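Student: Below you'll find the structure I mean.
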Amino acid sequence: MAERAQYEELARQFSAFAAVKREMGRILPSECPSGSAAVLTLLGRYGDMRMSRLAELLSVDMSVTSRHVAHVAGRGWIERKPDPADKRSRILSLTPSGLDQLDELSRRTTHLLAQRLSDWNDDEVGRLIELMARLRASFDDCTRTPANT
């Protein structure tokens, strides 16, 4: 297990990482704020889904999810179809326009990362991906309360 000083430095790095997130947010088209981009990205990654599943993946409550869905639906990027298994529920799916927007988001993000990490080699980028995925997996169940020590 790492030493306390390492965890303290890691916490400082997480705080500083907010600047990276802000820069990534600045490259988004003005009509597609980060919440909308997250909805499009998750639908692109996981396919059609109910709003409850989307809220779970976003780790936000249904009211926040509803606002994001209303925004992207209003732009014509997703459609809400009745769920054949439960007519009270809706299935969210990307439209062709939504796929185009998702492609634009991917293009912008990929360009920024390629630009900022141009002095990194493929192994370093691969290792970063591996470690970030592992970190994310360690936090997957955010409903758990860590033991107090």
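The values are calculated or read from the model by the stated rules, or taken from the named source; none is laboratory data. All of these numbers come straight from a predicted model, not from anything done at the bench. Counting neighbours? That spans all protein chains shown, and the Cβs are built from the backbone with ideal geometry, glycine included. Heavy atoms of the whole protein, side chains included, go into the accessibility calculation; ligands, DNA and RNA do not. Shrake-Rupley method; radii C 1.70, N 1.55, O 1.52, S 1.80 Å.
Student: Counting heavy atoms of the protein chains only and a 1.4 Å probe, report the per residue accessible area for region 1-81 as a whole number of Å².
Tutor: 65 Å²
Student: Oh, and also: For the modelled label position 7 Å from the Cα of Val64 along Cα-to-Cβ, which residues of region 4-37 have backbone nitrogen atoms closer than 13 Å?
Tutor: Output list for this probe position: 34-36.
Student: Using 0.36 nm times the number of residues separating Leu128 and His111, minus their current alpha carbon distance, what extension gain do you get?
Tutor: Full extension of this stretch gives 4.4 nm more.
Student: Of Arg50, Arg136, Arg108, which is the most mobile in a GNM of the chain whose springs link Cα atoms less than 10 angstrom apart?
Tutor: Looking only at Arg50, Arg136, Arg108, the largest GNM fluctuation is found for Arg136.
Student: Let me ask another. Excluding Gly98 itself, calculate the net charge of residues whose Cβ lies under 11 Å from the Cβ of Gly98, where each Lys or Arg counts +1 and each Asp or Glu counts -1.
Tutor: Cβ neighbours under 11 Å give a net charge of -3.
Student: Next question. Can you compute the helix-only [θ] at 222 nm over the chain? Use -39500 (n - 2.57) per DSSP H run of at least 4 residues, normalise by all residues, nearest 500 deg cm²/dmol.
Tutor: Rounded to the nearest 500, it is -21000 deg cm²/dmol.
Student: Could I ask something else about it? Consider the candidate values (1) 53, 41, 25; (2) 63, 34, 24; (3) 78, 27, 26; state which one is Cα extents along the principal axes in Å computed from the structure displayed.
Tutor: Given (1) 53, 41, 25; (2) 63, 34, 24; (3) 78, 27, 26, the calculated one carries the label (1).
Student: A further question follows. Considering only Met24, Leu43, Leu10, whose Cα is most displaced toward the positive end of the charge dipole of region 1-72, charges sitting on Cβ of Lys, Arg (+1) and Asp, Glu (-1)?
Tutor: Most positive-ward Cα: Leu43.
Student: Moving to a separate point now. How much net charge surrounds Thr65 when only other residues with a Cβ under 13 Å from its Cβ are counted (Lys, Arg +1; Asp, Glu -1)?
Tutor: So the surrounding residues net to +3.
Student: Additional query: What residues have an amide H closer than 5 Å to that of Ile78, excluding those fewer than 5 places away on the same chain, when H is modeled at 1.01 Å from N in the peptide plane?
Tutor: Those lying under 5 Å, H to H, from Ile78 are Ala73, Thr95.
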